[in-house]
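Nothing in this text is a laboratory measurement; each read-out follows from the coordinates by a stated rule. These numbers were taken from a predicted model, which means no experiment stands behind them. Reconstructed Cβ throughout: ideal geometry from the backbone, glycine too, with neighbour counts over all protein chains shown.
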């Protein structure tokens, strides 16, 4: 119903995207001193770009690069450009930048203008001799020059519609700007469809997803019924992943993406426990739960946080390719 009501606005949005991209195609983007690897997607959330940023930060650091992450900090209350405190308030820095700072073991800088964030990063002490910026959610941020464009693809993107009728921020034809496309292993059947839109010579990486419960085991989580909750773009995928792992879900609760939790939300979860003896959520959600909110839940049942990680197929070849593109 929503899509049909908003369908008349889709051509207007498409025209605006074409005009914007035509402008940047002719333009001269700002350049940082260090190379930039952009990690982005086509749709509004849910393609796995944040775990991909974290993975690349670890792999590049392992290969001798000094790595930092530049992020807009979606929904942050803080202004200006600053370095993220990994133990700081996600309302100030944004939930994803805090999560990246905690998981990537790399400095994260936030600012509406990623160029200014990059300049701040380049003023910090860094180990040499090679440096690289990871531009988080950067595919549409064309004000900043990037040396490599990596785009994570979600299955829904292939048949998706543009905003506001759908979730696509750009049409599939925009993939011609991408150097590397990233597919989940289970979506490898989409390669032929993507080849229609990708530029000649674009590379396709495949990633597999794993999850764990830091501080506990999946087998322990399987022993009791749980309430799973999250505020992510594709909550149904999170719930299916838990069920596929054998976790018994007594109830699920999906909040809108980037939702800011409050006391009322915790009380809603408690009121709909359905006999569950455990709460489960994602890392992205956990960073938004302060001690007070956690305490409301854990007074009744333990809270387990799922850590989602990616593994890159043929990792040595993929990283050698990326390193060659950064020379």
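Here is how the numbers come out for the structure above:
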| read-out | value |
| --- | --- |
| Where Rh is the Kirkwood radius over Cα pairs, Rg/Rh for segment 22-172 | 0.96 |
| Residue of 18, 260, 26 that the Gaussian network model of the chain assigns the largest fluctuation, springs spanning Cα pairs under 10 Å | 26 |
| Between segment 128-156 and segment 272-327, the alpha-carbon center distance in angstrom | 22 |
| Segment 211-310 - percent relative contact order, Cα under 8 Å, separation 6 or more | 36 |
| C-alpha long axis of helix 315-325 to longest principal axis of the chain, angle in ° | 40 |
| Hull volume in cubic angstrom per residue (convex hull over the Cα atoms of segment 211-310) | 93 |
| Residue order, fewest to most beta carbons within 10 Å, for 288, 327, 199 | 327, 199, 288 |
| Among 253, 284, 49, residue whose mean-square fluctuation peaks in a GNM of the chain (springs only between Cα atoms under 10 Å) | 253 |
| Modelled FRET efficiency - R0 45 Å, residue 188 with residue 26, Cβ distances, 0.05 increments | 0.80 |
| Förster radius 35 Å - calculated FRET efficiency between residue 16 and residue 211 (Cβ-Cβ, nearest 0.05) | 0.40 |
| 37 °C / 0.692 mPa s Stokes-Einstein diffusion coefficient of the chain, Kirkwood radius on C-alpha pairs, µm²/s | 157 |
| Among 251, 101, 271: highest mean-square fluctuation, GNM of the chain, C-alpha pairs under 10 Å | 271 |
